[in-house]
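I have placed the structure first, in the form of structure tokens, so that the comments after it can refer back to it.
Each value in this text was obtained by applying a stated rule to the coordinates, not by laboratory testing. Note that this is a predicted model, so its numbers are computed, not measured. Every residue, glycine as well, gets a Cβ built from its backbone with ideal geometry; the counts of neighbours run over all protein chains shown.
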Amino acid sequence: MKVLWDGLLIKNPVFVLLLGLVPAVAVASTAERGWLIGLATAVIFLVITVLDSLFLKAVPGYVRPIVKFGVLVVLTVFLHSLLLGWNPQFVAQLGIFLPLIVANRMLFGEVSSEQSSGQVIMEAVGQSLGLILALVVIGAIREVLGFGTIFGTQLFGSSLPPLATARTVPGGMIIVGLLLALTNKLTAGEGELHD
């Protein structure tokens, strides 16, 4: 259970490890978009982690990065095809950021040979949940401030004008920066960057 908690807050990929900041700023302008890009990234992350911990350890070390990258590309293309069949408008909104899932996963690092497959998979589940949580929180804050809605549901009457800056990339950077500062304060600098 501690591994899941660590992935949510102490080793959160976005708020502590500073990974996935591009989708957090550029894509997660609404809670729904944050949820969908977070879920897509988490699925790829979990599948490649399971494959890495179970099968890719048998691949020689010098070939492993190439094989891993090839598997990542195939998984991302497959996910892109599925999403394109499900909702082409969503894929168009994500643009280049959906294929960039490959780069996000490469940044998460290698599976340690000292850890069991179960430990590695639980850590990946925790970090995936942390990524989804971070992107949904960022998207929800930006959506409430920028559109006056949450998951598309109107929260305020027309008397309260939205803060249009929250919809933009610079507004997203400000919101992410404030959330990074809040997370650092709450965790008292316990993340990996401070170890």
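Assorted remarks:
- This model, with +1 at the C-beta of Lys and Arg and -1 at the C-beta of Asp and Glu, gives the chain a dipole about its Cα centre of some 300 debye.
- The order of the peptides 30-42, 118-130, 87-99 by mean Cβ neighbours within 10 Å, most packed first, is 30-42, 118-130, 87-99.
- Extension gain for the segment Ile96 to Val73, taken as residue separation times 0.36 nm less the Cα-Cα distance, is 6.9 nm to one decimal.
- For the listed peptides 141-150, 72-81, a ranking on the average number of other beta carbons within 10 Å per residue, highest first, reads 141-150, 72-81.
- Multiplying the residue separation of Val63 and Leu4 by 0.36 nm and subtracting their alpha-carbon distance yields 18.1 nm.
- Cα-only Debye scattering, the chain: base-10 log of I(q)/I(0) at q = 0.11, 0.13, 0.18 Å⁻¹: -0.53, -0.72, -1.23
- Between Leu182 and Leu18, the distance separating the two model label sites (each 7 Å from Cα on the Cα→Cβ line) works out to 2.0 nm.
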